[in-house]
Structure formats: structure tokens, C-alpha cells
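K.L.:
Structure incoming, see below.
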Amino acid sequence: MKPTLYLTVLSPVLLGIMAIFMFAIGLRGIVTQRPFLIPARWFFYQMLLVFLPVISLPLWLGFSSSGPSTTGLALRVWLYPLMFGCILLMMWFQMQGYMAFAVTDQAFREALISALHKLNLPFEERLSGMRLTSVEADLQVAVQSWMGTGQIKLKGSKDRSLLSQIVSAMNEHFRTSSTQTNMTSCVFYTIMGIFLVIFAVGMLFFGTGL
């Protein structure tokens with residue numbers, strides 16, 4: 001693949017995919033006016049899609065170069081993939097559980113308690129989450145109420161489906177109950193999606209994105 005082809009074709013396509021992802025999150029909250037949770041791994045797969053061309057392009061340029069190889073070129077050829085590979089590995093461990101959008105700390109707490117009661121899971125409320133006493137596991141919760149986002153993870157349980165059941169019950173609570181919302185994150189994602197579309201169209205038709 002030539003670098004010009006990368007800039008004029010592949011990059012706009014990737015930006016378009018990212019824009020769709022941003023719109024899916026932003027518009028879902030704005031249109032429904034409801035909080036919701038989605039798997040955090042979706043963000044990892046999006047970043048993987050973005051990083052793969054960044055990793056592969058230096059490799060392609062290095063191995064397809066007809067000129068004499070240099071130490072600097074060889075270093076860049078292997079340094080970029082290793083650096084971005086480490087970033088992806090870190091993100092893989094960080095992006096676990098589920099992400100919440102359009103949520104407040106009070107709405108998140110109410111939905112979580114409702115879900116635990118619905119699933120008959122006794123719990124002890126703690127500063128950083130919930131202790132599920134019947135399964136000896138911990139729900140780790142972090143909510144950025146000012147931004148309208150949150151994250152929930154499950155630690156210590158061998159039942160991998162338990163967290164998805166809890167999140168499904170939380171989403172059901174959000175759909176069927178009147179609750180507080182904070183659309184800051186959804187508005188931000190929608191605006192970012194618009195910018196990505198502009199850049200993608202610019203790169204596709206003008207080659208620069210400007």
C-alpha cells in the first residue's frame with residue numbers, strides 16, 4: 001500500500017468507522033434521554049482498529065524500501081509496533097467490565113441496587129462499590145457524574161455471566177424507570193463524530209482532511 005493510498009482511502013474509512021461508533025453512543029443517549037451501559041471492550045476494539053494501520057505502515061515502509069537500510073529506519077520499523085502494542089496491552093486490562101453513559105451517581109446507584117434486588121443477590125454497600133456476599137465477589141464502581149459516565153467491573157467471581165446479568169437488569173431499569181440523566185458525554189461524542197466525518201470527507205476528497 002502506498003502512503004498516498006493510506007491517506008486518501010484507508011484513513012477516511014477508519015475515521016468513518018470511528019464516527020459511526022461516536023454517533024451510536026452520543027445519539028442513543030440524546031434520542032432516548034436514558035442512561036445505558038455497553039461493554040468496555042468495544043472501546044478497545046475501536047482503538048485496535050485505529051492502531052493497526054499505524055503499526056503496519058512503518059513496517060510496510062521499512063520492508064518495502066528499495067534504498068539501503070539504516071539503523072534509524074530499522075529502529076523506527078520495530079519501535080512503533082512495540083510501543084503501540086504495549087499501549088494496546090495496557091488498554092486490554094483497563095477496558096474491562098461495562099461503561100455507562102448519560103448517567104449520574106444517584107441514577108447509577110439506584111439502577112445497581114434495583115438490579116441486585118431483582119437477581120436476589122445480597123450485598124454490602126462499600127465506598128468503591130458493592131460486596132456480593134452470596135458469591136464472595138466485589139462489584140467495583142466508578143462514576144464521573146460531572147461527565148455523565150461510569151464504569152462497573154466484577155472481581156472475584158468465577159461466573160462470567162453474572163456481570164452481564166447485572167448490567168442487563170440495570171439497562172432494563174433505565175429503560176422502564178424515570179431517572180436522572182447527564183447528557184454531557186453523549187453531546188461530546190456526537191460533536192466528536194461530526195468532526196470525524198468532516199476530517200474523513202476532507203481526506204477523501206482533498207487528501208489533507210483540512
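K.L.:
I want to check the label-to-label distance for S145 and F195. Put each point 7 Å from Cα in the C-beta direction and report it in nm to one decimal.
P.N.:
Result: 2.8 nm between the two label points.
K.L.:
What share of Cα pairs, in percent, lie more than 18 angstrom apart in region 98-176?
P.N.:
So the portion of pairs separated by more than 18 Å is 32 percent.
K.L.:
Going by average Cβ density within 10 Å per residue, which order do the peptides 141-154, 33-46 take, highest to lowest?
P.N.:
Peptide ranking by packing, descending: 141-154, 33-46.
K.L.:
Return the loop-located GluC sites (Glu not before Pro) in region 110-210 (DSSP other than H, G, I, E, B) with at most 16 other Cβ atoms within 10 Å of their own Cβ; answer none if there are none.
P.N.:
In loop regions of region 110-210 (DSSP not H, G, I, E or B), the sparsely surrounded GluC sites (Glu not before Pro) are E136.
Only the coordinates and a few stated rules stand behind these numbers; no lab work does. Because the structure is predicted, anything quoted here is derived from the model rather than measured. Cβ: placed from backbone, ideal geometry, glycine included. Neighbour counts: every protein chain shown.
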